[in-house]
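> Just dropping this structure here.
The numbers here are math on the coordinates, done by the rules we state, and not lab data. Quick caveat: nothing in here was measured; it's all calculated off a predicted structure. Virtual Cβ from ideal backbone geometry, glycine too; neighbours counted across all protein chains shown.
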Amino acid sequence: MTLQTRDVTWNRGGRLVVDGITLDPRPGETIGLLGPNGSGKSSLIRLLSGAVRPTAGLVTLDDTSLAAISRREAARAIATVTQHADTVVDITVCDIVALGRIPHRGVFGGSRQADTEAVSDALERTGLQGKAGELWHRLSGGERQRVHIARALAQQPRELLLDEPTNHLDIRYQLDLLQLITELPVTTVVALHDLNLAAMFCDALLVLKDGRAVAAGSPNDVLTPELIALVYDVDATVTIDDKTNRPRIVFNPSNRNDRLKA
Amino acid sequence: MILSPTRPASVSGQSPRSGTRLRFLGIGLGAFTLLLVSVGVAITLGPADVSLVNVRDILLNHLAGADIPIRVSKEAIVWDDRLPRALVAATCGAGLGVCGVILQSLLRNPLADPYVLGISSGASTGAVVVAILGVGPAALGIPGGAFIGSIASFAVVLLIARLAGGSDDKVILAGIAVTQLFSALTSFVVFAFADSDATRGVMFWLLGSLEGVRWDDVALCGLAVLGGIGFCLLRAQVLDAFAFGDDVASSLGVSVRRERIMFMTVTALLTATLVSVAGAIGFVGLVLPHAARFFTGPLHVRLVPVTALIGATFMVWVDAISRVAFSPSPLPVGVATALIGVPVFIAIMFRRRRAQ
């Protein structure tokens, strides 16, 4: 009973950007989407969020087709953080985070109390309390990213979709963010570029290439040198970390150069 | 992120928010009072000598059933000419300002206004086609022609934008192209078919004019503007949700396509109504939302009413000045809006820059 896809396909302008993906997360799980640029990670997230409709297959929320659920009802369950969401509006951090309350509010505003609590909780979790009055255009890239995540948290979703949320963040906030989302009692689907972060924090991984699923399962099963070579075309050594019992990936650039010369 | 040191809670929290609520109430009440005073004072301006006391007496006679003796000529000037004129000016300022707010939010472009979408140039073409070529039934009149023209040009803009991919900047590009096209058509009709009298009449209307508006114009514009403002206030959160684009709006529970169509339709109908009565008044829709944001911030539940009030006040004064400045020959309102509006706009830009 969660957000699922069944054999979902999206044909965008004659190109299959998502091709027959089935995703069935367990509630509360954190699923990492991996794959090179253009492999369909963002497109799959857009399908899951309901921003676009699939050409074939189904996206379901609690076994009901997402297309049959009102956007407002969907927004109470699913929060999405996309890439490159920017604005020309002079708006403060606090007001942006409060946008996340819109699906919970009626025409004349809902519970002010609940709104205020959700907003200050989201600000606190993302370490933004001190920035509440700051204007968007004065924030750094990393702060902007955190504001969007705070906005998504203020939405109090059951399902969280994040498209490369660690971009622009320095390493501490990358770790803090992923720690935060894995601890939240929500199902999370997160597109990531960093294989080590994915290995460290995700319960399961789905690896995409050219819109198709090429591997799925636990990080230990999925992140093999063979798969990394197949999907990313790089040579890597994978060891299992003693403490965490999760894969650790080291890339071998010299081998790649040799091969390029050959 | 939980690791970061907690800062004093007073920075966020509730106190500043309730503070802004009070401030907003103050701004709203102030702007409303200013509008009422402006209408009252504007009515006294002009060649015929009318005092504020006269204005009060005439209003009491008509609205409260009082029976204060007053000269018939003054009564006629105030009740039949200056008051409806000031009220239509106010509705135009309010309505065009609110249309600007809607379009700047939906198209995510601070330069969007009703005229960028070709609405006014379409209205002009419709007006000259009726006035000079005599197309259509007599009952249509210039206002009817303007209304049809503006809806038609708006439809063309949306159609071109849709066929070109439908993104926000496509709408603006299509709007600019269509504006040029219809302006050329208007000039062509005037150049090819009009005699000099007809040309002067049409030109005056093209630049905006509140000459000879009547109470039925007040009713029409008033209903349209109140309807538009009410619609925006009920959907203020939707306008807020568009701040970060369609995808974020959609993830916040907005049915993006449906809301866009509804807001665009409301904007087109409202602008077309105002333009059909008052002609093409430029610049108000572009500038007034920015001026209002300076006082209210970006959230639409505050921005919409304050833009309407400031816009109304602005237009009341612009109209009064354009009536009086070159009396007895009136200055087109559209000329005065730009002459007064541009310096105001530049001043706001500079102040904002310093505030940052």
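> If each residue's Cβ is checked for other Cβ atoms within 10 Å, how do A:91, B:310 rank with the fewest at the top?
A:91, B:310
> Of the residues B:289, B:84, B:137, which exhibits the maximal mean-square fluctuation in a Gaussian network model of chain B defined by a 10 Å Cα contact cut-off?
Result: B:137 has the largest fluctuation of those listed.
> Residue A:209: which lysines have alpha carbons under 18 Å from its alpha carbon, excluding same-chain residues fewer than 8 sequence positions away?
A:41
> Could I have the simple spin-label model distance between residue A:53 and residue B:21, label points 7 Å from Cα toward Cβ, reported in nm to one decimal?
Output for this residue pair reads 4.1 nm.
> Check each of the trypsin sites (Lys or Arg not before Pro) in region B:223-298 and keep only those in coil by DSSP with at most 10 other C-beta atoms within 10 angstrom; list them in order.
Nothing satisfies the criteria.
> Other chains near B:100-113: what is the mean number of their Cβ atoms within 10 Å of each residue's Cβ?
1
> While we're on this one: Taking only Cα atoms and a 10 Å spring cutoff, compute GNM fluctuations for chain B and point out the largest among B:225, B:39, B:324.
Top of the fluctuation ranking is B:324.
> For chain B, calculate the relative contact order in percent as a whole number, restricting contacts to Cα pairs under 8 Å that are 6 or more residues apart.
Worked out over chain B, it gives 28 percent.
> Next question, about the same structure. Hey, what's the Cα Rg ratio for the protein assembly as shown versus the globular rule of thumb, 2.2 N^0.38 Å?
Relative to the rule-of-thumb radius for its length, the protein assembly as shown sits at 1.16.
> Taking only C-alpha pairs under 8 Å that are 6+ residues apart, what is the relative contact order of chain A in percent?
Once normalised by length, the contact order is 24 percent.
> As an exercise, take the mean of 1/r over every pair of distinct alpha carbons in chain B, invert it, and state the Kirkwood radius in angstroms.
Every distinct Cα pair counted, the radius reaches 21.6 Å.
> Just rank B:25, A:178, fewest to most, by other beta-carbon atoms within 10 angstrom.
B:25, A:178
> Quick check: from the Cα gyration tensor, does region A:3-251 come out rounded (a/c under 1.5), prolate or oblate?
Note, shape of region A:3-251 comes out oblate.
> Still on this structure, I have one more. Under a 10 Å cutoff between Cα atoms, tell me which one of A:123, A:223, A:180 has the largest fluctuation in the Gaussian network model of chain A.
The residue that fluctuates most here is A:180.
> In chain B, which helices (entire DSSP H runs) extend 20 Å or more along their own long axis, judged by Cα positions, while averaging at least 0.0 on the Kyte-Doolittle scale?
In chain B, the long hydrophobic H runs are B:15-44, B:83-106, B:141-163, B:168-193, B:215-234, B:256-278, B:300-324, B:333-355.
> Quick one: putting +1 on the C-beta of Lys and Arg, -1 on the C-beta of Asp and Glu, what dipole do you get for region B:46-143 around its Cα centre, in Debye to the nearest 20?
220
> Could you tell me how many degrees, from 0 to 90 and to the nearest 10, lie between the Cα long axis of helix A:112-125 and the main elongation axis, the longest principal axis, of the Cα atoms of chain A?
30
> Which of the aspartates and glutamates could a cross-linker bridge to residue B:170, judged by Cα under 12 Å and excluding same-chain residues fewer than eight apart?
Within reach: none.
> Just want the ordering: B:170, A:131, from fewest to most Cβ atoms lying within 10 Å of their own Cβ.
B:170, A:131
> What is the antiparallel percent of DSSP beta bridges lying wholly in the protein assembly as shown, to the nearest 5?
For the protein assembly as shown, the DSSP antiparallel bridge percentage is about 60.
> Can you figure out the FRET efficiency of residue A:221 with residue B:262, using R₀ = 41 Å and their beta-carbon distance, to the nearest 0.05?
0.25
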